[in-house]
1. Over segment 1-112, what percent of the accessible surface lies on carbon and sulfur atoms, probe 1.4 Å?
2. Could you list, bin by bin from short to long, the percent of Cα-Cα pairs of segment 67-151 in 10 Å steps?
3. Could you please tell me the mean projected area of the C-alpha convex hull for segment 280-390, averaged over all directions and given in square nanometres to one decimal?
4. At 1.4 Å probe size, with every protein chain present, just tell me what the per residue accessible area of segment 194-344 comes to in Å².
5. How big is segment 306-347 on each of its three principal axes, counting only the C-alpha atoms and giving the largest first in Å?
6. Over segment 54-118, give the accessible area per residue in Å² for a 1.4 Å probe, as an integer.
7. Using only the alpha carbons, work out the radius of gyration and Dmax of segment 41-95 in angstrom.
8. ³J(HN,Hα) across segment 57-70 via Karplus (A = 6.51, B = -1.76, C = 1.60, θ = phi - 60°), whole Hz, x for Gly/Pro?
Amino acid sequence: RMAMIWRFCLGFSNGIIGTAKTAVTELAHGNEKLERRAMGLVIGMRGWGFLISPALGGWLAEPLKQYPSAVWIHNSPQWFQSMLARYPFLLPNLVGAIICFFIVLVVTCFIEETLPATKRRTLMYIPYDLKQYIVTSTSKICSMLMRLLTCGNFKNQQSQQQVDETTSLLLIKQDDDGQSEQSELSTNSGNTEPPLWSRRDTRRHLWAYWIFSFVVVAVDEAFPLFCISREGGLGLSEATIGKILSGAGLLFALGQYAVFATITHHFGLYPSITIGSVLGVPPVALVPLSLILNQTSDSNVGSGGGVTWSTFVFLSVLMSILKIFSCLFFTSIAIAANKTVPPSQRATMNGLNMVGGSIAKGLGPTFAGVLVALSLTSTPQCGSLIIFTVIALLGLVVVAEAQTLPPSESNKQEEDK
């Protein structure tokens, strides 16, 4: 239970991806080539993290059980051995915390602050801003409910007047000198920028990102379930599935940045989004071919691995292609979405993007689990074909959506160059 609570807190407080996407565009200062390279590295490094971190965590976890005769354990103090016995997962968490602390120092010392000095606020305003956000959001929700529950112009005008009076009280705050000043909110009459969600281009980019996130997570969930299933699947062990995914992860880490840089350089931003959507999910329909390949007379991978070398190579290459081109899609659409909003709304847009993506990634495993269970239990002979055909069709929905993405003015100028 405590692990779940702390895992929730870790995810709740982790806004580094959205912040990094915003900072990449702003630190590039209009240099399109630099922006693409940096965004490719930011998103591509997640692949290296997924490849290295599980191995590092597994190597450090439960050291007394994994290395009972290790010299460094026997020579360590008794209190340290007792602590490792009581907390067997202390070392991976401790190393992770040290890495995070080191990153804080690097960001503080070497990363340029892109927010103008006139808009910066001290940390002492965090509780106040949080309270303002909660109260303002509550008043907006109440306003929407009152409009839905009341009828007649008089009641609507009365409820709107109450909300306006509440909002007007929220707009007054105290500055550092104790003087009253007007809060710079997006609803201020002096702000001519339209609300974020009213931007059609931004909405289309966000929807494409969210739908693709849902489908990609469905692929990540359905593939191991297919591999481990003995009815209609490959019937592999967890260790063998891990070898396949490790091979795919290694190919992804080696080829992701090169593919991204080559395609975006030769084809441009929006064609890269289309290419990423075409090759990032629909080829998953080829996964059932592994059932045929696994019936050949090739030798198995490892002792009792249950998978032939031809199947191992096929699945590793196929999954790496899916990962490489889905990463191409995510990187390209992140750059394109940043260009659909002004700098003042870029951070908000990335935050909304990550929230919607998180919801989509939460729904993806449920969808994949239900799809695999229904397909393999009802029609085991062709269950795998149903599973990956359905997911591939969902991928084609994103392909169609990518074709209709309207480039912003800055993106149009870039594509013309």
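1. On the way: 5950 of 8250 Å².
C and S fraction of accessible area: 72 percent.
2. Calculated over all Cα pairs of segment 67-151, the distribution is 12, 19, 19, 18, 17, 11, 4, 1 percent.
3. 8.9
4. Here the per-residue accessible area is 39 Å².
5. Dimensions of segment 306-347 along the principal axes of its Cα atoms: 55, 13, 7 Å.
6. With the other protein chains kept in place, segment 54-118 gives 78 Å² per residue.
7. That works out to 14.1, 44 Å for Rg and Dmax.
8. x, x, 6, 8, 6, 6, x, 5, 7, 7, 10, x, 10, 5
The values are calculated or read from the model by the stated rules, or taken from the named source; none is laboratory data. In this text the structure is predicted, and so the values were computed from the model without any measurement. Just the protein is used for accessible areas: all its heavy atoms, side chains included, with ligands, DNA and RNA removed. Shrake-Rupley method; radii C 1.70, N 1.55, O 1.52, S 1.80 Å.
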